[in-house]
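K.L.:
Okay, here's the structure, questions in a sec.
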Amino acid sequence: MTPNLAGRPDAPPIRPSVPPPVAFRRTVPVPSLPPDRASRRVARRLLPAAALPLLVASAGPASSEPAAPAPRSVAECPVLLDASTLESPPVLPREFRAAWITPVDGGEWPTRPGMDDATSQAELRAAIQRASDIGLNAIVLHVRTAADALYPTTRVPWSSYLVGPDGRAPGFDPLAFALSEAHARGLQVHVWFNPFRAAPPNRSRAAVGAQAIARRNPQWIVRYGSQQWIDPGFPAARQEALADILEVVDRYDVDGVHIDDYFYPYREERTIRTRVGKGRRRRTVTRTETIRFDDDVSWARHGRGTGMERDAWRRDNVSQFVAALYREVKARKPEVAVGISPFGIWRPGAAPGVYGLDAYAEIYADSRKWLREGWLDYVAPQLYWELDGEQQRFRRLDEWWRRENVQGRHVFPGLLTMRVASRGAPWSGSAITSQIEWLRAAREGRPDAQGHVHFRMSTLMPQAQGALGDRLATSLYATPALPPANPWLGPTPPAAPEVTPWCPDPSTLPGDGGAQYGAPRGPALSVLPGDTLRVRWWAVQLLDSVGTWHTRVVPAAERRLSAELAPGAVANAVAVSAVTPSGVQSPSRMVRLR
């Protein structure tokens, strides 16, 4: 099948949509997120560039609305004045706030296969817009659930979660679309792969990718219970899975690559019933046994001669893949983060008092080794237990993972946010907010970076039970945050950007004044990098007439930044800093406007 390749360099660019205006909302400072202790009086609300111009309320009393500056004529250009007497803007806190987006098990996108392009785009855009609205700064987008893809490629078929029974390809590139929409809103995009799952269970069309692999390399496919797997014991199979990921790194402007806990399958059991006895004493005897993963062929060819035990060889297969993934991503694009989300328990008893499934022995994941070796930029251990639940697992495992972080990478725990909206034994919304508060307090004053990942985005959508997304937006996420920097990927800060006034001529702008293309409709600033270091984002802070700073994160491709807080309401001052792909921030260039 020849896929649609929209989104490649020779295709027309995808223009991000303009989100609807945001209603007034009073911001709430979060003292546990440093460094805003010194600026409690300053309230800040993150405004994505694609939503410009948006209104933000001040942190004043609930009964008062912020006083907007006097409206100015669109034809009036901003005039730069001496800013030396102004107080510097507050330092932006750092915290990784992300959510997984997946089609699996009634997920966020696509919710059903075979949707028309407009519906599919609207659904994906809605999830991205919601992530921005509630204060997230990253999404982890599932682009390969098995041996198929949710992006156009000649390497594997389209995902069965996306295309309908007729197999018709969508008329757009979903990954290019997601990147355009997310980046326009100041969100990072980490692409999520399951490299060794050939077909998930119970999906009639899901085996298409596995069948394609089986036609080329039938020995790679192992049937295990209700699933099909690509055997990691074949070096060529590992290389093929790696090449699939690297194709995306090469073709797309992604912020990160993400894999989870699926390497070898979690063990399944089968029931065996046997008739025994004779005559009236004849009866059925039932027993269960663990299904064996049949990798005899790869073991005979590639394992037996290594001198390792079979289990150790399986672990080494996975560790070789993880090491190669990190090495090859960095060889292509050093700034692209590599993240892994393993099962929360490395080995029973490793964290004192914590016992449970042994991921080291069962799925052959030596995740502690990957962290200690520095073969990742962040680890998101799945801490899918309540804060004060069984064995104090959440607290003890978070502490254990941070102790094992000898390379100084980031530990961003995965939270089981979906339990808030589950039908059986749901958690209260405070279960998740309490976890976030505990994680912040545990890291305060320490070198550990702040951050966490929600599983999953559907629980944070407007229609979700419990209104958790709204609660986070007005409390724990009311103060905006940049993702933590990865200084080991490039520690040098860029120079402060060059900022000059710019004023549009409305008669030269198309249609609605250029808003659909992100062009400022009123007074604006022209911004350029201050040196040759690559810039990923502009952090733009605008000061209103009552002394409140408002923050936007804008893609560095934008070279004209609005100086307005709202149509006709020009900021008193603007501070612009450059942020590199590794997250290192420049000094601010602050200008005062007349």
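The values are calculated or read from the model by the stated rules, or taken from the named source; none is laboratory data. The structure presented is a predicted model; accordingly, all values stated were derived computationally and were not measured. Cβ coordinates were reconstructed from backbone atoms using ideal geometry, including for glycine residues, and neighbour counts include every protein chain displayed. These accessible areas exclude ligands, DNA and RNA; they are computed on the full protein's heavy atoms, side chains included. Shrake-Rupley method; radii C 1.70, N 1.55, O 1.52, S 1.80 Å.
K.L.:
Counting only C-alpha contacts under 8 Å and six or more residues apart, can you give the relative contact order of region 282-387 as a whole percent?
P.N.:
Values: 93 pairs, mean separation 28.6, N = 106.
It rounds to 27 percent for region 282-387.
K.L.:
Modelling each spin label as a point 7 Å along the Cα-to-Cβ direction, I'd like the residue 253/residue 81 distance in nm, to one decimal.
P.N.:
For residue 253 paired with residue 81, the spin-label model returns 3.6 nm.
K.L.:
By its C-alpha gyration tensor, with a ≥ b ≥ c as the square roots of the eigenvalues, how is region 421-464 shaped: rounded for a/c under 1.5, else prolate for a/b larger than b/c, else oblate?
P.N.:
prolate
K.L.:
Right, here's the next one. In whole Hz and in residue order, list the ³J(HN,Hα) couplings for region 98-104 that follow from phi through the Karplus curve 6.51 cos²θ - 1.76 cosθ + 1.60, θ = phi - 60°; x for Gly and Pro.
P.N.:
Taking θ as phi minus 60°, the curve returns 9, 9, 7, 10, 8, x, 6 Hz for region 98-104.
K.L.:
Using DSSP to define loop residues, name the GluC sites (Glu not before Pro) in region 304-386 whose beta-carbon has at most 13 other beta-carbon atoms within 10 Å. Please list the in-between numbers first.
P.N.:
Details: sites: 309, 328, 335, 362, 373, 386; in loops: 309, 335, 386.
Of the GluC sites (Glu not before Pro), the ones in loops of region 304-386 whose Cβ has at most 13 other Cβ atoms within 10 Å are 309.
K.L.:
Let me ask you something else. Take residue 437 and residue 500, extend 7 Å from each Cα along the Cα→Cβ direction, and tell me the distance between the two endpoints in nm.
P.N.:
About 5.1 nm, to one decimal.
K.L.:
Could you give the distance between the Cα centres of region 564-594 and region 436-457, to the whole Å?
P.N.:
Measuring centre to centre over Cα atoms gives 27 Å.
K.L.:
Compute the semi-axes of the equivalent ellipsoid of region 310-468, taking the square root of 5 times each eigenvalue of the Cα gyration tensor, and list them largest first in whole Å. Mind showing how you got there, number by number?
P.N.:
Details: eigenvalues 149, 69, 53 Å².
Semi-axis lengths for region 310-468 are 27, 19, 16 Å.
K.L.:
By its C-alpha gyration tensor, with a ≥ b ≥ c as the square roots of the eigenvalues, how is region 433-509 shaped: rounded for a/c under 1.5, else prolate for a/b larger than b/c, else oblate?
P.N.:
Verdict is oblate for region 433-509.
K.L.:
Further question on the same structure: What figure in square angstrom, to the nearest 10, would you give for the accessible area of residue 166 with a 1.4 Å probe?
P.N.:
Around 120 Å² of this residue is reachable by solvent.
K.L.:
Something else about it: According to the square roots a ≥ b ≥ c of the eigenvalues of the Cα gyration tensor, what is the shape class of region 358-451, taking rounded for a/c under 1.5, prolate for a/b larger than b/c otherwise, and oblate for the remainder?
P.N.:
Judged from the Cα gyration tensor, region 358-451 comes out oblate (a/c at least 1.5, b/c at or above a/b).
K.L.:
Shifting gears a bit: Roughly how far apart, in whole Å, are the Cα centres of region 389-430 and region 337-362?
P.N.:
About 12 Å separates the Cα centre of region 389-430 from the one of region 337-362.
K.L.:
Normalised by the number of residues in region 354-463, what is the relative contact order in percent for Cα pairs under 8 Å and 6+ residues apart?
P.N.:
Relative contact order, region 354-463: 26 percent.
K.L.:
Whole Å is fine, so just give me how far the alpha carbon centre of region 275-325 lies from that of region 466-503.
P.N.:
About 47 Å separates the Cα centre of region 275-325 from the one of region 466-503.
K.L.:
Just in region 314-369: which chymotrypsin sites (Phe, Trp or Tyr not before Pro) are loop by DSSP and have at most 14 other Cβ atoms within 10 Å?
P.N.:
The qualifying sites are 355.
K.L.:
Quick check: net charge around residue 373, other residues with Cβ under 15 Å of its Cβ, Lys/Arg +1 and Asp/Glu -1?
P.N.:
For residues surrounding residue 373, the net value is +3.
K.L.:
Another question, then. What ranking do 184-196, 230-242 get when scored by the average of other Cβ atoms within 10 Å per residue, highest first?
P.N.:
Sorting 184-196, 230-242 by mean packing, highest first, produces 184-196, 230-242.
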